[in-house]
């Protein structure tokens with residue numbers, strides 16, 4: 001093989017972009033549900049992206065919001081909505097599949113869909129070689145909605161180790177306290193710093209969090225920022241882009257992965273671009 005051909009092949013390999021199914025595949029199935037994750041696995045995602053909250057009895061459950069969202073979940077009249085104030089048994093009274101999320105007109109309703117445990121989602125690992133990108137739902141200004149960061153990290157690590165997924169899990173958060181706690185407990189676990197504000201320094205934020213991945217909102221991504229992050233040894237995984245108009249500039253910027261509510265469509269798009 002000539003040097004020029006070798007360099008060309010290396011560039012082609014570097015250009016491949018992974019797909020993270022946001023909340024499984026929110027555009028197609030009830031978000032953060034077992035049907036959504038099974039669908040995402042079926043269409044070939046590289047990574048299942050999900051969110052984790054903790055019940056009153058310290059069960060890790062998969063939910064984006066720390067409280068049950070009435071836009072797409074239905075529960076008993078007068079029941080508490082904050083997950084941290086419910087036992088897992090109480091949480092199972094909520095149906096999060098009977099109502100279509102109004103933001104996703106193609107989403108299929110599946111009445112009777114319950115909030116799954118992280119244990120049940122990790123049990124899907126045997127179905128393929130995909131990874132998991134797990135966000136800790138914890139907020140410095142709302143301490144009542146989650147355990148202390150150290151306890152949250154301990155619960156997460158115990159579940160990761162139960163399923164022997166140390167090499168297949170990324171822990172991400174906007175609140176870097178859980179990332180720092182996980183770094184102290186298990187430095188082998190990959191960490192991702194979620195970013196939402198234009199003035200955040202990506203490299204400095206990653207260093208603060210102890211992360212090797214930065215995950216900015218897709219509108220913040222530019223080729224220049226990606227280049228600086230890559231030069232610092234960081235991967236770039238923007239969230240959450242769902243249309244061709246949003247994917248085009250992202251692909252041009254050269255991220256390592258894209259988080260999307262519509263992973264099936266993103267995979268087809270990347271295949272057409274020879275990036276998958």
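Residue by residue through the range 255-271, note down the ones that are part of a loop (DSSP other than H, G, I, E, B) and in contact with a helix residue (DSSP H, G or I) (Cβ under 8 Å, 6 or more places away or on another chain).
At the first step, the residues of the range 255-271 found to be part of a loop (DSSP other than H, G, I, E, B) are 255-256, 261-262.
Passing the criteria: only 255.
Tally the residues that are under 20 Å from residue 125 (Cβ atoms) and assigned to a loop (DSSP other than H, G, I, E, B), restricting the search to the range 15-30.
The total comes to 5.
Tally the residues that are surrounded by fewer than 18 Cβ atoms within 10 Å (Cβ to Cβ) and touching a residue at least 60 places away in the same chain (Cβ under 8 Å), restricting the search to the range 118-131.
Within the range 118-131, the subset surrounded by fewer than 18 Cβ atoms within 10 Å (Cβ to Cβ) is 119-120, 123, 126-129.
Then keep just the ones that are touching a residue at least 60 places away in the same chain (Cβ under 8 Å); that gives 120, 127-128.
Of the residues in that region, 3 qualify.
How many residues, within the range 201-233, are loosely packed, with under 15 Cβ neighbours inside 10 Å and either out of contact with any helix residue (DSSP H, G or I) (no Cβ under 8 Å at 6 or more places or on another chain) or touching a residue at least 60 places away in the same chain (Cβ under 8 Å) (or both)?
8
Condition check: in a loop (DSSP other than H, G, I, E, B) and touching a strand residue (DSSP E or B) at 6+ places or on another chain (Cβ under 8 Å). Does residue 97 satisfy that?
It is false that residue 97 is in a loop (DSSP other than H, G, I, E, B) and touching a strand residue (DSSP E or B) at 6+ places or on another chain (Cβ under 8 Å).
Could you tell me whether any residue of the range 148-156 is under 17 Å from the mean Cα position of the chain (by Cα) and closer than 25 Å to residue 25 by Cβ?
Looking through the range 148-156, at least one residue is under 17 Å from the mean Cα position of the chain (by Cα) and closer than 25 Å to residue 25 by Cβ.
In the range 114-131, which residues are in a helix (DSSP H, G or I) and out of contact with any helix residue (DSSP H, G or I) (no Cβ under 7 Å at 6 or more places or on another chain)?
Initial filter on the range 114-131 (in a helix (DSSP H, G or I)): 118-127.
Those that are in a helix (DSSP H, G or I) and out of contact with any helix residue (DSSP H, G or I) (no Cβ under 7 Å at 6 or more places or on another chain): 123, 125, 126.
Quick one: what pairs do we get from the range 34-59, first residue at positive phi and in a loop (DSSP other than H, G, I, E, B), second surrounded by fewer than 18 Cβ atoms within 10 Å (Cβ to Cβ) and modelled with pLDDT under 95, C-beta under 9 Å, 6+ apart or different chains?
So the pair list comes out as 44/276.
Please determine, by comparing only the residues of the range 132-155 that are under 21 Å from residue 46 (Cα atoms) and in contact with a helix residue (DSSP H, G or I) (Cβ under 9 Å, 6 or more places away or on another chain), which one is surrounded by the most Cβ atoms within 10 Å (Cβ to Cβ).
Here is the first cut: in the range 132-155, the ones under 21 Å from residue 46 (Cα atoms) are 132-136.
Adding the requirement that they be in contact with a helix residue (DSSP H, G or I) (Cβ under 9 Å, 6 or more places away or on another chain) leaves 132, 134, 136.
On the way: 132: 22, 134: 26, 136: 28.
In this case the residue turns out to be 136.
Which condition number does residue 90 fail, the rest of (1) part of a helix (DSSP H, G or I); (2) over 21 Å from the mean Cα position of the chain (by Cα); (3) surrounded by fewer than 16 Cβ atoms within 10 Å (Cβ to Cβ) being met?
Every condition holds for residue 90 apart from (3).
For residue 160, only one of the following conditions fails: (1) free of Cβ contacts under 8 Å to residues at least 60 places away in the same chain; (2) out of contact with any strand residue (DSSP E or B) (no Cβ under 6 Å at 6 or more places or on another chain); (3) buried (at least 20 other Cβ atoms within 10 Å of the Cβ). What is its number?
(2)
For residues that are free of Cβ contacts under 8 Å to residues at least 24 places away in the same chain and more than 17 Å from residue 103 (Cα to Cα), scanning just the range 239-259, find the one that is surrounded by the most Cβ atoms within 10 Å (Cβ to Cβ).
Checking each candidate, the answer is 247.
Taking helices (runs of 4 or more DSSP H) that do not extend beyond the range 154-254, which have at least 1 residues that are more than 30 Å from residue 104 (Cα to Cα)?
Because the criterion is at least 1 residues that are more than 30 Å from residue 104 (Cα to Cα), the helices (runs of 4 or more DSSP H) in the range 154-254 that meet it are 176-185, 202-209, 223-231.
Quick check on the range 95-103. Is at least one of its residues surrounded by 16 or more Cβ atoms within 10 Å (Cβ to Cβ), modelled with pLDDT of 95 or more and at positive phi?
No, the range 95-103 has no match at all.
The values are calculated or read from the model by the stated rules, or taken from the named source; none is laboratory data. Small disclaimer: the values here were computed from a predicted structure and weren't measured. Methodologically, a virtual Cβ is constructed for each residue, glycine included, from the backbone with ideal geometry; neighbour enumeration extends over all protein chains shown.
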